[in-house]
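The structure under discussion appears below in the form of structure tokens.
The values are calculated or read from the model by the stated rules, or taken from the named source; none is laboratory data. Please read all numbers here as calculations on a predicted model, not as lab measurements. Here the Cβ positions follow ideal geometry from the backbone for every residue, glycine too, while neighbour counts run over all protein chains shown. We work out accessible area using only protein heavy atoms, side chains counted, and drop any ligands, DNA or RNA first. Shrake-Rupley method; radii C 1.70, N 1.55, O 1.52, S 1.80 Å.
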Amino acid sequence: MDKVVSTAAGAVADVPDGATLAVGGFGLSGVPNVTIQALYERGVRGLGVVSNNCGAMESGLAVLLAAGRIARVTGSYIGANKEFARQYLGGELEVELIPQGTLAERLRAGGAGIPAFYTPAGVGTQVADGGLPLRYDGDGGVALASPPKEVRDFDGIPYVLERGIRTDFALVRAARGDRHGNLVFNRSARNFNPLAAMAGRVTIAEVEELVEPGAIDPDAVHLPGVFVQRVVALTPEQAGAKLIERRTVSAPAAPAAPGTVRR
């Protein structure tokens, strides 16, 4: 039952070239940077990644992306990642863009053993009808497009069939975890982490604080240890290394002139 692995390198030692990975995180929040870095240092390539986005500010999955280690991305957001956009439009990367809620449910369904489900999201668009560019040819043309999906009416409303997602491995980050793999996530860092963990056949969790079994109240567990196979305890330095993507705090207002009334 003790699932602790002493190092991140040891935890990812059997991830082969061409493996598929479900990776938690949203922007820079809750991203398993330590295990991603360990994969980079191993030199693994040809990876198929399922994640909301593909890293930001040269961190997270952006490390693997910039090194040319990722062959395919299933996600819902490119955002301001210029390298992601360059590789996609240049024909270097296959990308399946899907609605964000559909991505979340495909991960959850796969982890719950549900092979497929119907959803109204995407009906009447290229998500259902096909034709979304999966790969460009590098000259502005589409080399590979998405196929059409099954659409079926329920009570007079059309729904599109979406497949559940299962991956070879999953990488997630949690605030606390015990030796049995039970995890607790901190606020917004919860994001896609539980869903990615469910989808992986072998899930590797890096935890900021490792505790003994029983230290986490069962009612406080966000993800049961049955979904986690390996736990890596981070050092205080690794746990505290958290970037901020955009600082939005306003500058202090200038002092008011004497006798001025602020409204």
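With respect to the stated conditions, Thr119 fails to be closer than 22 Å to Val151 by Cβ, in contact (Cβ under 8 Å) with a residue 60 or more places away in the chain and crowded, with 16+ Cβ neighbours inside 10 Å. Only one entry of Ala104, Ala109 meets the criterion of being over 24 Å from Ile36 (Cα atoms), within 19 Å of the chain's Cα centre (by Cα), assigned to a helix (DSSP H, G or I) and touching a residue at least 40 places away in the same chain (Cβ under 8 Å), and that entry is Ala109.
Kindly indicate whether any position in the stretch 65-87 is over 28 Å from Asp139 (Cβ atoms) and either open to solvent by less than 10 Å² (accessible area, probe 1.4 Å) or touching a helix residue (DSSP H, G or I) at 6+ places or on another chain (Cβ under 8 Å) (or both).
No, because not a single residue in the stretch 65-87 is over 28 Å from Asp139 (Cβ atoms) and either open to solvent by less than 10 Å² (accessible area, probe 1.4 Å) or touching a helix residue (DSSP H, G or I) at 6+ places or on another chain (Cβ under 8 Å) (or both).
Need the failing condition index for Val226 against (1) part of a helix (DSSP H, G or I); (2) surrounded by 15 or more Cβ atoms within 10 Å (Cβ to Cβ); (3) of a type in the set (A, V, I, L, M), just the number. The number of the failed condition is (2).
So, in the stretch 126-143, of the ones that are open to solvent by 60 Å² or more (accessible area, probe 1.4 Å) and over 24 Å from the mean Cα position of the chain (by Cα), which residue ends up farthest from Ser76 (Cα to Cα)? Top of the filtered list is Asp139.
Restricting attention to the stretch 39-75, the residues that are within 16 Å of Ser29 (Cα to Cα) and in a loop (DSSP other than H, G, I, E, B) total 8. Could you tell me whether Leu161 is within 23 Å of the chain's Cα centre (by Cα), in a strand (DSSP E or B) and under 22 Å from Thr7 (Cα atoms)? For Leu161, the condition - within 23 Å of the chain's Cα centre (by Cα), in a strand (DSSP E or B) and under 22 Å from Thr7 (Cα atoms) - is not met.
Among the criteria (1) under 16 Å from the mean Cα position of the chain (by Cα); (2) crowded, with 20+ Cβ neighbours inside 10 Å; (3) not hydroxyl-bearing (Ser, Thr, Tyr), the one Gly181 does not fulfil is (1).
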